[in-house]
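One structure below.
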Amino acid sequence: MTDGTAMRNGPALIGRIEAWAVRHRDKLAWVHVAMFLAFMGLMVVPLLLPDPADGATVADNFTLFANFVIWGVWFPLVFVSVIFTGRSWCGVFCPMGACSEWANRAGLKRPVPKWVRWEGTPIVSFVVITVLAQTVDARDFPQGAAVVFGLALACAIVLGFAYGQGGNKRPWCRHMCPIGLMLGVFSRIGAVQFAAKQPRPGGDAYAEKGVCPTMIDIGRKTESRHCIECFRCVNPAARGGLTLVARRPGDEVAHIRRHNPNAAEVWFLFLATGLALGGFLWLTLPQYQILRRTVGDWAINHGWYWIGMPGPWWLMSIHHAGREVYTWLDFFTISAFMLACAGLLTAILALLTALSGRLAGRLGADLDHRKRFVEHAYAYMPVAMVSLVIGLGDKLFTMLTVLGLPHGAPAVAKATLFALGVAWSVVLGHRLLGGEGLRGAKRWLALAPLVIGIAAIGFAWSAAIFQV
Ligand code: SF4
Ligand code: SF4
């Protein structure tokens, strides 16, 4: 490696962490069992309890406590952890991934089929789960959380049981898990990676047989995305295998051309940012109410009275006591509104990225237009990441006031985080264009459309950031 991504085994600390992790690798099963029990407790116990009374708090009500642990602590912190420790959540803690692998051990071990391996599969899975999380209101009701996480757990077990040769494979984690997709893409900006001690040429490859649970051909590994940091390919005493490497956060993205850039990832970045935005905006924008009223009137005028009826509990939020009962009209309009936001933001960002690519080409940048488009789109990664943290993990911020901080503290925390994401995106864009051979004013000129795109994301999120 010649770029800064795998240049060193870091300070002695990294070596000690690696040795410690390898020494205790056999105890991971106990961590998984403990996490599975905790997961089941957080999911199932609130279903058996009465609804929280008015005035109940996280300190005196288990349902509210479980909700806060999932959405206020686990979700945002797992996200932020990828910057420091990559996909360590997946390899060390996640009970769903562990269940998938246990199922694989006992399962059919069939080759992973093409439809599962298709690059768009995790994006479809992400869209379905994110929209479903809104329509069942997973963030406010334990029944909704149980639907979303229960579905993910069931799919992880079924996929692990059916596919993946070797008895240690996690096809769900590599190909379909929406959380794994997010963590994997964002782990590219992380401060650690596993690098081959004796890399083989040819670029990343798929290896359905071998030690890696996520089917990485370890000798040819250059990208962080699919590595769940299980340490199984690491042996400090051996000359081969992988080793834990410290790196400057963002380096893999700044040199993305050497790390298997992928068009599906950039479409995911665009869509996920728009979808998270849609999940917030339908609650606040009057346009959503206009859409709902228009569709409702049209349906009634055409005799579609069923649209005003509640549907099944596993598709939409039905909570009479909680005073939230969604109808088919809510289900369709929420889904459509979120998908429209995702489509609109994707179109805007794709246009601006294409413009940046064209400009860069005219100004003398290397690569063809398609490759430049993909490369430039990676600049949005930090701002997309903070969008998802703010949009889907806002309970963490609202807790700041509960901890005694001033009323405006959540807005200040969100704005600070967002500003950091924006600045990091601009710096990444600047570095990517430098890698294409642009210097001085030409580099800034080609960067301008990306800066507009980054600013557009910030503008769209401003209501969420300053909402207290
Ligand atoms: S990919 Fe999903 S199921 Fe697999 S370990 Fe990660 S979060 Fe868990
Ligand atoms: S590359 Fe190594 S550490 Fe990463 S998931 Fe595969 S076996 Fe585990």
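The values are calculated or read from the model by the stated rules, or taken from the named source; none is laboratory data. All values reported here derive from a predicted model rather than from experimental measurement. Backbone-built Cβ (ideal geometry, glycine too); neighbour counts: all protein chains shown. We work out accessible area using only protein heavy atoms, side chains counted, and drop any ligands, DNA or RNA first. Shrake-Rupley method; radii C 1.70, N 1.55, O 1.52, S 1.80 Å.
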task = Give the shape of the stretch 163-225 as rounded, prolate or oblate, defined through the alpha-carbon gyration tensor: a ≥ b ≥ c are the square roots of its eigenvalues, a/c under 1.5 means rounded, and otherwise the shape is prolate if a/b is larger than b/c and oblate if not.
result = oblate
message = Run the reach check for Lys169 against aspartates and glutamates, Cα to Cα strictly under 16 Å, same-chain hits fewer than 8 apart removed. What comes back?
response = Glu101, Glu208, Asp217, Glu229
Length-normalised contact order for the stretch 4-256 - Cα pairs under 8 Å, 6+ apart - percent = 27
inquiry  = Going by amide H atoms built from the backbone, whose H comes under 5 Å of the H on His319, apart from near neighbours?
reply    = Glu324, Val325, Tyr326
inquiry  = Just to confirm my numbers, what's the Cα centroid distance between the stretch 115-189 and the stretch 23-86 in Å?
reply    = 18
inquiry  = Tell me whether the chain comes out rounded, prolate or oblate; compute the Cα gyration tensor, take square roots of the eigenvalues as a ≥ b ≥ c, and use a/c under 1.5 as the rounded threshold.
reply    = oblate
remark   = Here, Trp314 and Ala441, labelled 7 Å along Cα→Cβ, have an inter-label distance in nm of 6.3
request  = Could you tell me what percent of the DSSP beta bridges with both partners in the chain are antiparallel, to the nearest 5?
outcome  = 80
ask   = Glu119: accessible area at probe 1.4 Å, nearest 10 Å²?
value = 80
query = Taking a threshold of 23 Å on the Cα-Cα distance, which of the pairs Lys221/Lys442; Lys114/Lys209; Lys27/Lys221; Lys27/Lys197; Lys27/Lys114 fall above it?
reply = Lys221/Lys442; Lys27/Lys221; Lys27/Lys197; Lys27/Lys114
request  = Would you mind telling me the share, in percent, of accessible area of the chain contributed by carbon and sulfur at probe 1.4 angstrom?
outcome  = 69
request  = Could you name the aspartates and glutamates whose alpha carbon sits less than 18 Å from that of Lys395, not counting residues in the same chain fewer than 8 places away?
outcome  = Asp60, Asp137, Asp140
ask   = If contacts are Cα pairs under 8 angstrom and at least 6 residues apart, what is the relative contact order of the chain in percent?
value = 17
ask   = Going by the alpha-carbon gyration tensor, a ≥ b ≥ c the square roots of its eigenvalues, is the stretch 262-466 rounded (a/c under 1.5) or, if a/c is not under 1.5, prolate (a/b greater than b/c) versus oblate?
value = oblate
query = Dipole of the chain, Cα-centred, from +1 at each Lys and Arg C-beta and -1 at each Asp and Glu C-beta, to the nearest 20 debye?
reply = 1920
inquiry  = Given points 7 Å out from each Cα along the Cα-Cβ axis, report the Arg105 to Leu13 separation in nanometres with one decimal.
reply    = 3.4
key: Segments 173-183, 106-116, 132-142 sorted - mean Cβ within 10 Å per residue, highest first   = 173-183, 132-142, 106-116
task = Keeping all protein chains in place, calculate the accessible area per residue for the stretch 4-256 (probe 1.4 angstrom), answer in Å².
result = 42
ask   = Which of the helices in the chain, when you take each full DSSP H run, stretch at least 24 Å along the axis at their Cα atoms and have an average Kyte-Doolittle score of -0.5 or higher?
value = 28-48, 142-162, 263-284, 328-362, 409-435, 440-466
message = Can you compute the modelled spin-label distance between Asp140 and Val128, with each label point 7 Å from Cα toward Cβ, in nm?
response = 2.6
inquiry  = So for each of 243-249, 87-93, 27-33 I average, over its residues, the number of other beta carbons within 10 Å; can you give me the resulting order with the highest mean first?
reply    = 87-93, 243-249, 27-33
request  = Quick one: compute the contact order of the stretch 262-466, relative version, from alpha carbon pairs under 8 angstrom and 6+ residues apart, as a percent.
outcome  = 26
Percent of beta bridges antiparallel (DSSP, the stretch 4-256, rounded to nearest 5) = 75
ask   = Using a cut-off of 16 Å between alpha-carbon atoms, which aspartates and glutamates can reach Lys414, once sequence neighbours fewer than 8 places away in the same chain are excluded?
value = Asp394
